[in-house]
Amino acid sequence: MPLTKDELVKKVGFNIRSCRKAKNISIEELAFKTGLDYSQICRIERGEINTGIYHIFLLANSLDIPIPLFFIDI
């Protein structure tokens, strides 16, 4: 059965958080690098908001990882 929108957003957020922690980067540092608000990154990582592809691009570039890593196990 395919994932619901909420399940997908939560899994992507979890993967973003995992990548950030693996790189040992704080939310504050990631916010500075991307230009996104700290609170917005928190909501993305918790899967509370469905972020846009441009923000996914900014996050991946700032973490120096390929975008598909955010979609592992989906």
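The values are calculated or read from the model by the stated rules, or taken from the named source; none is laboratory data. What you see is a predicted model; the values in this text were computed from it and never measured. In this analysis, Cβ positions are derived from the backbone assuming ideal geometry, glycine residues included, and neighbour counts consider all displayed protein chains. All accessible areas refer to the heavy atoms of the entire protein, side chains included, with ligands and DNA or RNA removed. Shrake-Rupley method; radii C 1.70, N 1.55, O 1.52, S 1.80 Å.
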Note to self: Can you tell me which of (1) free of Cβ contacts under 8 Å to residues at least 60 places away in the same chain; (2) open to solvent by less than 90 Å² (accessible area, probe 1.4 Å) is the one Lys11 doesn't meet?
What the structure shows: (1)
Next item on the list: Scan the range 47-74 for residues that are outside any helix (DSSP H, G or I), more than 14 Å from Leu8 (Cβ to Cβ) and either touching an Asp or Glu at 6+ places or on another chain (Cβ under 7 Å) or open to solvent by 50 Å² or more (accessible area, probe 1.4 Å) (or both) and jot them down.
Entry: Asp64, Pro66
Next item on the list: Would you check if there is a residue in the range 28-38 being under 20 Å from Lys5 (Cβ atoms) and not small (Gly, Ala, Ser)?
Entry: no
Note to self: I'm trying to understand the selection: among the residues of the range 6-41, which are in a helix (DSSP H, G or I), under 19 Å from Pro66 (Cβ atoms) and of a type outside the set (A, V, I, L, M, F, W, C)?
What the structure shows: Lys11, Gly13, Asn15, Arg17, Ser18, Arg20, Lys21, Lys33, Thr34
